[in-house]
Amino acid sequence: MRRALQAAALLLAGGALPGCLMLHDEAGVPVDPAAAAALQVGRSTRSEALAALGPPTGQFDTDLLALVTGGAAFAAPATPGRLDDEALTWQQVHIEAEVLFFPVLFLWAESRVTSRTLTVFFDARGVVTHVAFREDAP
């Protein structure tokens, strides 16, 4: 009986020990700020951007005129704008999380998310019109 009580006490004490769990995850593609800075508005092309940065994580058509008119026949205005642009996006996200727990007392968790996002807009000829780079860090 005494051995059973000792074993139960040992199990109870072991179950009350604190624990720590650390998680790391990476998603998307690497985004190099130097490669982004090398893109020149009005000079760099879509193929040069793809060669320097690799495959994008997203591709968007920003033909706002077609979106608004639902594809109906409509003459585009003569003023320049981003009516026929295409945008490619490269995004990298890194997540670190820590969970510290004391089974009887409390649970504590902390996470840090960092991301880099590069969006490059191209005109109908495939020439860079805008470059937007953003880095979010905790």
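Please give the net charge around HIS24, taking every other residue with its beta carbon less than 12 angstrom from that of HIS24, where Lys and Arg add +1 and Asp and Glu add -1.
Working: positive: ARG112; negative: ASP25, GLU26, GLU96, GLU98.
Computed value for this residue: -3.
In nm, to one decimal, how far is the modelled label at VAL113 from the one at ARG125, with both set 7 Å along Cα→Cβ?
4.0 nm
Set the Förster distance to 35 Å, then compute FRET efficiency between LEU100 and GLU135 from the Cβ-Cβ distance, nearest 0.05.
0.80
Laboratory data are not the source of any read-out in this text; all were calculated from the coordinates shown. A quick note: this is a predicted structure, and the numbers were derived from the prediction, not measured. Note: ideal-geometry Cβ built from the backbone for every residue, glycine included; neighbour counts use all protein chains shown.
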